[in-house]
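Starting off with a structure, shown below.
None of the figures in this text is laboratory data; all of them are computed from the coordinates on show. From a predicted model like this one, the values you see are computed outputs, not experimental measurements. Backbone-built Cβ (ideal geometry, glycine too); neighbour counts: all protein chains shown.
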Amino acid sequence: MTPSSTALLTIDLQNDFLHPEGAYGRAGQGADSILALPDRIAPLKQALIRAGGTYISAQFTLVPGRDDEPLVAEHLKKLRPFLTKGDFAPGSFGHALTDTLAPADFTVEKVAYSAFYQTRLEYILRAMKIDTLIIGGIVTNGGVASTVRDAHLRDIHTILLSDGCAAFKDDVHDATLKSLGSVTEIMTCSAATALLGGAS
């Protein structure tokens, strides 16, 4: 691993998902495995930055429409009917990266599962000459899996953090890791941090 061409990419680790006063917290939606992620990933972020790497945060975004009503996909309305005005809105508290991981070198607003879909992520990777992504975040079977597969299609080497991502159900998380094993390298946060210690 060459730190200068490596980026940590986290998916959706923002207040509306993680903070008690965020959209999901107010609705009583969450999981302990998800809440534990920022503290687990933070040492890896710090090690990568010290070694000369880059940290990119991809953050789910609901684009405000007329009268600030968010543009919510129909499938998401059915899954999460509690989403309302102001949730995941750019510039809001809920949209922001969790304090434990802030700040990011780059923030990518995403409107769907993949951090590549209709975002500036590819531009950032090219401009920074990044060829390796270390990926963590939520949820394993949603935004994380979609991003890993899209990176694979673009011949970008990925390392998926087995304990740096989570789903609302542990069995779904485990099954997704198994299915992604053919397209990504998989390791723990501590193993990735140790790898950085030996990288130059």
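Identify, please: which residue in segment 142-163 is under 12 Å from the mean Cα position of the chain (by Cα) and assigned to a helix (DSSP H, G or I) and is, among those, surrounded by the most Cβ atoms within 10 Å (Cβ to Cβ)?
Applying the filter and picking the extreme gives V144.
Let me ask something additional. How about segment 20-29: which of its residues are surrounded by fewer than 19 Cβ atoms within 10 Å (Cβ to Cβ) and either within 14 Å of S92 (Cα to Cα) or free of Cβ contacts under 8 Å to residues at least 24 places away in the same chain (or both)? Spell out the reasoning first.
Let us first name the residues in segment 20-29 that are surrounded by fewer than 19 Cβ atoms within 10 Å (Cβ to Cβ), namely 20-21, 25-29.
Result: P20, E21, G25, G28.
How about segment 108-129: which of its residues are surrounded by 14 or more Cβ atoms within 10 Å (Cβ to Cβ), among the hydrophobic types (A, V, I, L, M, F, W, C) and outside any loop (DSSP other than H, G, I, E, B)?
Residues satisfying the conditions are V108, L121, I124, L125.
Scan segment 164-200 residue by residue and report those that are in a strand (DSSP E or B) and over 12 Å from V139 (Cβ atoms).
Across segment 164-200, the qualifying residues are G164, E185, I186, M187.
State all residues of segment 88-112 that are among the aromatic types (F, W, Y), under 24 Å from D68 (Cβ atoms) and under 15 Å from the mean Cα position of the chain (by Cα); if no residue qualifies, say none.
Across segment 88-112, the qualifying residue is only F88.
From the list D105, D87, pick out the single residue that is touching a residue at least 12 places away in the same chain (Cβ under 8 Å), acidic (D, E) and surrounded by fewer than 19 Cβ atoms within 10 Å (Cβ to Cβ).
D105
Would you confirm, using the coordinates I've provided, whether L48 is within 25 Å of Y117 (Cβ to Cβ), crowded, with 17+ Cβ neighbours inside 10 Å and touching a Cys at 6+ places or on another chain (Cβ under 9 Å)?
Answer is no for this residue.
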